Amino acid sequence: MENFTPALSTKSSQLEKKVQGFCLIVAPVLFAASTLFWQNGEYGVEAGILIIFSMFFWIPALTGLFSLIKNEMPRYAVWGLWIAVFGCISGVCFAFLGYLATIFNISHDQYLNLLSHYPITSQILLFGSGPLFPLSILVLGITLMLKGSVPAWIGILFCLAAIVFPLSRIPRVEWMAHIADLAMLVPSVAIARQRLRK
């Protein structure tokens, strides 16, 4: 059986890279699509479900991105991914908040007031952990550039997306959100194409 292990390992690795490449396309596309369904700056039912699916695909996509530096920075690749995944979970929480607020017809001010009664858990699930996703992308973009793992323009676009992301999402500025989405989509697709070709 030992003779078959390398072949099986290679096939598994190839499949994993293909899945990661696929997710690197689907995740930012769904995320960008969600912005088109904002309702007066709020996540509604459509935007909420798109973000939830996007975050589901972002987890293997991020695994693929962090694997680009696992040889040079193995500890950062592990811990950085772990933090980024929690950022994805926070994104799902925000999406569910918008989804449920729309269904139960709760206004922005109303749910902020209700969340203020649960300051610790609200920080853990939403406001404190929310910045982890863009912050992870920012640090990853810088790291990928410094290590020469990707062309400089890819790292720059990731950094741009990470910076514009909170500037657009916190005050809900739609045109800035589109810029952040596009800046995330282009480098992700570029890396995905490379992984799918291999």
Being of a type in the set (Phe, Trp, Tyr), free of Cβ contacts under 8 Å to residues at least 60 places away in the same chain and either assigned to a loop (DSSP other than H, G, I, E, B) or under 21 Å from residue 103 (Cα atoms) (or both) is the filter here, so list the residues in the stretch 37-74 that pass it. 37, 43, 53
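Rundown of residues vs (1) more than 15 Å from residue 62 (Cβ to Cβ); (2) modelled with pLDDT of 95 or more; (3) open to solvent by 60 Å² or more (accessible area, probe 1.4 Å), yes/no style:
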residue	(1), (2), (3)
157	yes, yes, no
160	yes, yes, yes
183	yes, yes, no
192	no, yes, no
Which condition number in (1) free of Cβ contacts under 8 Å to residues at least 12 places away in the same chain; (2) open to solvent by 90 Å² or more (accessible area, probe 1.4 Å) is the one that residue 147 fails? (1)
Top-ranked residue in the stretch 30-51 [being open to solvent by less than 50 Å² (accessible area, probe 1.4 Å) and aromatic (Phe, Trp, Tyr); ranked as modelled with the highest pLDDT]: 31
Only one of these is open to solvent by less than 70 Å² (accessible area, probe 1.4 Å), of a type outside the set (A, V, I, L, M) and out of contact with any helix residue (DSSP H, G or I) (no Cβ under 6 Å at 6 or more places or on another chain): 54, 13. Name it. 13
Go through (1) closer than 22 Å to residue 37 by Cα; (2) in a helix (DSSP H, G or I); (3) open to solvent by less than 70 Å² (accessible area, probe 1.4 Å); (4) modelled with pLDDT under 95 and name the single condition residue 109 misses. (3)
Has the stretch 142-155 got at least one residue that is over 13 Å from the mean Cα position of the chain (by Cα) and closer than 25 Å to residue 39 by Cβ? no
Go through the stretch 164-177 and give me each residue that's under 15 Å from the mean Cα position of the chain (by Cα) and open to solvent by 20 Å² or more (accessible area, probe 1.4 Å). 165, 166
Could you figure out which of (1) surrounded by fewer than 16 Cβ atoms within 10 Å (Cβ to Cβ); (2) in a loop (DSSP other than H, G, I, E, B) isn't true of residue 78? (2)
Checked 141, 155, 130 against criteria (within 23 Å of residue 78 (Cα to Cα) and part of a loop (DSSP other than H, G, I, E, B)); the one match is 130
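The values are calculated or read from the model by the stated rules, or taken from the named source; none is laboratory data. Keep in mind that what you see is a predicted model, and the values were worked out from it rather than measured. Positions of Cβ are generated from backbone atoms using ideal geometry, with glycine treated the same way; all protein chains shown enter the neighbour counts. Note: accessible area is taken over every heavy atom of the protein model, side chains too, but ligands, DNA and RNA are not part of it. Shrake-Rupley method; radii C 1.70, N 1.55, O 1.52, S 1.80 Å.
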